[in-house]
Amino acid sequence: LSANPVHFIMLHNINRMMTTSVTAPPENPKNITRLSSLLGTWTGQLRLKLDVIEGYFVMYLTGSPLVDNQCTLGPSCSELKNQICLRPGQGHVTDSNNTCNDVQNIISDWSDLNAYMYFGGGYKIPPVQTEVQSKSTGDWVGPYSIIMARNESAIGESISSSLRVIDQYTMRYVKTPMTPFLRMSRACDLFSENDFPSFLGEKAVNSTIQIQASTADPFQPFYKTCSNGDVKPILPLVTFTFVENNKGQEMMRVEVNYEMPIAILPNSSLLKAIKLLQKTSDVPLRGPYCYENDPQKAYLLDLSYDSIRGDKSITLDHACVDGLPCTPRFVELCASKPDIKMVKGQQPGIWLSFPVLISMCAVAMLLVIGFIVSCRRNRRLRQTLTDLKLHEEVNVTNESLTTPLMS
């Protein structure tokens, strides 16, 4: 960022000039091209040996319509540290200048991206069950408001002998006016309606915001004890690192930190299966954790992933996967009608296709031409009538002058 001041020349009087030095506000350092490359569908899958247990999460990233409200105060207001710049009048800010605020204490009216998420999982208990019993959220949940916090201190670091970091962004959740409206689908069977606020709803957003800037294990205080209350599920946290190899080629490293919560009924068959699976080293199950005042009720299915290190049981694709959700409904509606345009001057909700629009323009043009021709004809007709009237008046006058007076 340039720290050079911008100089404005101001006229003090006719014979004197004064120079005032004003420091320019920091420019947004985020690389829009790289952020745009993150948009679309990301699909993570976990599949263990013999398909005993599986899980997936699908995340769709799209640009936020509120991004133009953003501001920046430079390194003094670090988004990585849960700080956010707000303009005057935003998020209950009453100051006349841009201010730095703690994300936990405000409602923001801007974000970089919106995220929509779809979760699912299943299990089977051989030999009793031969097919996986699948459960899911039943539909997309969102939008979650995301700030892509840029880590400038990571730039230049080497992650291997041939890879050097050139840019890095980490997801940071923020509360916006949309957050209280996160809703669970009626088709959801992954958890109950009472569980939704804590697992994926507004409480989950709040819990994630509280710990997203920390490196400590957020679940340890709830392990096998209820002395600290119920475990607080955390939403997926993703870091995108752009690296360059020795040939100057740019690549992306993706690190996902997410543990899917599983609430289990006491003495259920799933609880017995999980305890057996935990004895297998390749099953990423953690727990038990306290939930609903039961220290044995919650477990976590670890779906964390690092594209550099790789994992035999976990895959991550920047794409849709056959048989899994692909895009939210609003994307499908937009993609199915690419030739639909909004006509200026129409009431909201009136949409016209391109052929109809061309036809209407042609009819409008004909009407305009007809109106012009009609006006011209009417003007000529009025001129003709005026000439005739004048001619008649002249004739009458001539006749009165040549006719002798009657005595």
In Å, the C-alpha Rg and Dmax of the stretch 170-232 are 13.3, 36
Rounded to the nearest 20 debye, what is the charge dipole size of the stretch 149-240 about its Cα centre when +1 sits on each Lys and Arg Cβ and -1 on each Asp and Glu Cβ?
120
Show me, for the stretch 154-159, the HN-Hα J-couplings you get by feeding each phi into the Karplus relation (A = 6.51, B = -1.76, C = 1.60, θ = phi - 60°), rounded to Hz, glycine and proline as x.
7, 5, x, 5, 9, 9
Zone reached by a paramagnetic label modelled 7 Å from Asp230 Cα along Cα→Cβ, restricted to the stretch 292-328 with backbone N below 18 Å, covers 292-301
Can you tell me the order of 147-160, 230-243 when each peptide is scored by its average per-residue count of other Cβ atoms within 10 angstrom, highest first?
230-243, 147-160
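To the nearest 0.05, what FRET efficiency results for Ser134 and Thr33 with a Förster distance of 41 Å applied to their C-beta separation?
On the way: r = 38 Å, r/R0 = 0.94.
For Ser134 and Thr33, the calculated efficiency is 0.60.
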Within the stretch 154-251, what percent of beta bridges assigned by DSSP are antiparallel, to the nearest 5?
100
Could you give the length gained on full extension between Asp68 and Val321, defined as 0.36 nm per residue of separation minus the Cα-Cα distance, in nm?
87.8 nm
What is the distance, in nm, between label points placed 7 Å from the Cα along the Cα-to-Cβ direction at Glu202 and at Cys334?
2.7
Expected sort for 59-72, 167-180 on mean C-beta neighbours within 10 Å, highest first, is 167-180, 59-72
Give, in nm to one decimal, the length gained when the segment between Arg186 and Glu250 is fully stretched (0.36 nm per residue of separation minus the Cα-Cα distance).
18.7 nm
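Rule-based calculations on the coordinates, nothing more; no lab input. Bear in mind that the values here come from a model prediction, so they are computed numbers and not experimental data. Cβ: placed from backbone, ideal geometry, glycine included. Neighbour counts: every protein chain shown.
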